[in-house]
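Engineer: Below you will find the structure I want to go over with you.
The values are calculated or read from the model by the stated rules, or taken from the named source; none is laboratory data. Since we're looking at a predicted model, the values are computed, not measured. As a convention, Cβ positions derive from the backbone with ideal geometry for all residues, glycine included, and neighbour counts pool all protein chains shown.
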Amino acid sequence: MDAFTAGLLQRIRATESDLTRARDEGDDFLVEVEQGELDDLRRLAAEHGVEVGASSV
């Protein structure tokens, strides 16, 4: 796995975690911010052929 792929997957995992925490805390604004970031990261992964496993988020 190259550095780009590893870094992208790490950012996705961190953002998923942040999104879960925002939901748990009831922070609707932060949920929207984190969801937008996650959508962008997943789109970037798809554009570069990086397979992202199914998540619970």
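Engineer: State which residue pairs qualify: first residue modelled with pLDDT under 95 and inside segment 37-52, second residue of a type in the set (K, R) and assigned to a helix (DSSP H, G or I) in any location, beta carbons under 9 Å apart, and separation of 6 or more residues or different chains.
Structural biologist: Filtered contacts from segment 37-52: V52/R42.
Engineer: Can you find a residue in segment 22-36 that is in a loop (DSSP other than H, G, I, E, B), loosely packed, with under 11 Cβ neighbours inside 10 Å and of a type in the set (D, E, K, R)?
Structural biologist: no
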